[in-house]
């Protein structure tokens, strides 16, 4: 798709978004004055209607009734156009899109048993937009990369049962989308259809946590110190509809400690994570040998990371508005793990302008150092350097459940033969 066609497509979607938002405003769900789309910021009424932050609202009251009976839904659609201003490769702006459907069944409200939650997530993405602009190793658009190998097909990425034993103790079993686990994080997460788009900010890869896994999670959300334990099959399960040969290649274990406190009267968190895998993997010193010629393997792999989060600013008159800081650094064995070390983080803000309480913005920086052994074996043919870059976004709320995001990225690719990447794009998101 050429640049003219892609921008025409996004303008059409924006027009539809404005029309839908205007219709909702006319219906009285939002707005502070005359009917129509309020481009200075849409505000909830003092007593907002149920699901007033969704494009289709309460479905004529049916959504509330379903929630009361134990069935809740989250449906979203995102359209992207993105391309290179400079860098290696085509300068055409291409178009892509993704659809996410999630539902949660509350077994208590359904009358089945107490404390259970069954979560389901289906995803689809397609289009001509590349997930790795300019030859970058890490995806510049996670929404066009995840689920792995899932382009142009519907993938069930999450089907798991969470059992709550008390307000702080839960156990989760089943097929788990690890990106969804970051949904409650103030900075990371989002699947690429909200907040940041680069994978380093959506779900920082560590080489051991696959995007989709079969396993179990024990979580103790106590304060000020909480902890979790994850036991899972080391292989990515995205393309496996049913669990087959689980733990045949080994077992992976992850443990985390989370400490929460107040610093200058604002929340601060420290999360320490360690991951170990017993799976046999290719020795990266043989990574460039033809298939069948590699003779060496590595039996174990590990990774450790520290994440720090802090709320920089809060607003007394707007409880949901804040500016937060996040920093995450990790280190691994470097062989067989392809990532030797990394650092990623930045600043994210929500509702900082009184007249635009539903807008958000973010600035982030990342740097990934790849395996020393891999760099040495590739040196005669390819110079592998650290991949690092910046991303900035601004999400402009067009109306209830509709946002238009402006995104800029600057990346220095790991491939030393590639030019530095300067990319920009738009993302239009509908939350139904």
Looking at the stretch 380-416, which of the residues that are touching a residue at least 60 places away in the same chain (Cβ under 8 Å) and over 20 Å from the mean Cα position of the chain (by Cα) is farthest from residue 78 (Cα to Cα)? 381
Residue 234 in a loop (DSSP other than H, G, I, E, B), crowded, with 20+ Cβ neighbours inside 10 Å and touching a residue at least 40 places away in the same chain (Cβ under 8 Å): yes
Of the residues in the stretch 112-130, those that are part of a loop (DSSP other than H, G, I, E, B) and in contact (Cβ under 8 Å) with a residue 12 or more places away in the chain number 4
Restricting to the stretch 213-228, and then to whatever is touching a residue at least 40 places away in the same chain (Cβ under 8 Å) and in a loop (DSSP other than H, G, I, E, B), can you tell me which residue is nearest to residue 254 (Cα to Cα)? 221
Contacts under 6 angstrom Cβ, first residue in the stretch 246-259 being on the phi < 0 side of the Ramachandran plot and in contact (Cβ under 8 Å) with a residue 40 or more places away in the chain, partner assigned to a strand (DSSP E or B) and buried (at least 16 other Cβ atoms within 10 Å of the Cβ), 6 or more apart: 252/232; 252/277; 254/230; 254/275
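Which of the residues belonging to the stretch 72-94 are touching a helix residue (DSSP H, G or I) at 6+ places or on another chain (Cβ under 9 Å) and either closer than 21 Å to residue 122 by Cα or not in a strand (DSSP E or B) (or both)?
Kept after step one, since they are touching a helix residue (DSSP H, G or I) at 6+ places or on another chain (Cβ under 9 Å), are these residues of the stretch 72-94: 72-73, 78-84, 86-89, 91-94.
Selection gives 72, 73, 78, 79, 80, 87, 88, 89, 91, 92, 93.
For residue 109, indicate whether it is modelled with pLDDT of 95 or more and at negative phi.
Numbers: modelled with pLDDT of 95 or more: yes; at negative phi: yes.
Considered against the rule, which asks whether it is modelled with pLDDT of 95 or more and at negative phi, residue 109 comes out as yes.
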Flag if residue 194 is assigned to a loop (DSSP other than H, G, I, E, B), within 11 Å of the chain's Cα centre (by Cα) and surrounded by 18 or more Cβ atoms within 10 Å (Cβ to Cβ): yes
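Considering only the stretch 132-151, I want to know if a residue exists there that is farther than 21 Å from residue 388 by Cα and modelled with pLDDT of 95 or more. Steps first, please.
Of the residues in the stretch 132-151, the ones farther than 21 Å from residue 388 by Cα are 147-151.
Still in the running and modelled with pLDDT of 95 or more: none.
The answer is no, given that none of the residues of the stretch 132-151 is farther than 21 Å from residue 388 by Cα and modelled with pLDDT of 95 or more.
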Among what's in the stretch 144-157 and is farther than 15 Å from residue 81 by Cα and within 14 Å of the chain's Cα centre (by Cα), pick the residue that is surrounded by the fewest Cβ atoms within 10 Å (Cβ to Cβ). 148
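Going through the stretch 168-192 one residue at a time, which ones are out of contact with any strand residue (DSSP E or B) (no Cβ under 9 Å at 6 or more places or on another chain) and touching a residue at least 12 places away in the same chain (Cβ under 8 Å)?
182, 189, 190
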If residue 386 satisfies every condition in (1) under 30 Å from residue 286 (Cβ atoms); (2) modelled with pLDDT of 95 or more; (3) touching a helix residue (DSSP H, G or I) at 6+ places or on another chain (Cβ under 9 Å) but one, which is the exception? (3)
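Can you name the residue in the stretch 131-143 that is touching a helix residue (DSSP H, G or I) at 6+ places or on another chain (Cβ under 7 Å) and in contact (Cβ under 8 Å) with a residue 24 or more places away in the chain and, of all such residues, is surrounded by the fewest Cβ atoms within 10 Å (Cβ to Cβ)? Explain how you work it out, then say what you get.
So the first thing to find is which residues in the stretch 131-143 are touching a helix residue (DSSP H, G or I) at 6+ places or on another chain (Cβ under 7 Å), and the list is 131, 138-140, 142.
Pick out the ones that are also in contact (Cβ under 8 Å) with a residue 24 or more places away in the chain and you get 138-140, 142.
On the way: 138: 24, 139: 22, 140: 29, 142: 24.
Going through the qualifying residues, I end up with 139.
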Number of the condition not met by residue 337 [criteria: (1) modelled with pLDDT of 95 or more; (2) surrounded by 19 or more Cβ atoms within 10 Å (Cβ to Cβ)]: (1)
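Farther than 30 Å from residue 315 by Cα, within 25 Å of the chain's Cα centre (by Cα) and surrounded by fewer than 17 Cβ atoms within 10 Å (Cβ to Cβ), is that true of residue 260?
No.
Would you be able to say whether some residue in the stretch 159-176 is part of a loop (DSSP other than H, G, I, E, B), over 11 Å from the mean Cα position of the chain (by Cα) and at positive phi? First the steps, then the outcome.
First, pick out the residues of the stretch 159-176 that are part of a loop (DSSP other than H, G, I, E, B): 167-168.
If we keep only those that are over 11 Å from the mean Cα position of the chain (by Cα) too, we end up with 167-168.
Then drop every residue that is not at positive phi, which leaves none.
Checking the stretch 159-176: not a single residue is part of a loop (DSSP other than H, G, I, E, B), over 11 Å from the mean Cα position of the chain (by Cα) and at positive phi.
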In the stretch 389-417, anything in contact with a helix residue (DSSP H, G or I) (Cβ under 8 Å, 6 or more places away or on another chain), assigned to a loop (DSSP other than H, G, I, E, B) and closer than 19 Å to residue 371 by Cβ is listed as 413
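For every residue, the table says whether it meets (1) surrounded by fewer than 18 Cβ atoms within 10 Å (Cβ to Cβ); (2) modelled with pLDDT of 95 or more; (3) under 30 Å from residue 256 (Cα atoms); (4) in contact with a helix residue (DSSP H, G or I) (Cβ under 8 Å, 6 or more places away or on another chain).
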residue	(1), (2), (3), (4)
281	no, no, yes, no
296	yes, no, no, yes
307	no, yes, yes, no
317	yes, no, no, no
354	yes, no, no, no
360	no, yes, yes, no
363	yes, yes, yes, no
Take residue 373 and tell me if it is under 18 Å from residue 337 (Cα atoms), touching a helix residue (DSSP H, G or I) at 6+ places or on another chain (Cβ under 9 Å) and surrounded by fewer than 22 Cβ atoms within 10 Å (Cβ to Cβ). yes
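The values are calculated or read from the model by the stated rules, or taken from the named source; none is laboratory data. Since the structure is predicted, the reported quantities are computational estimates derived from the model, not experimental observations. Don't worry about glycine lacking a Cβ; one is built from the backbone with ideal geometry, like all the others, and counts go over all protein chains shown.
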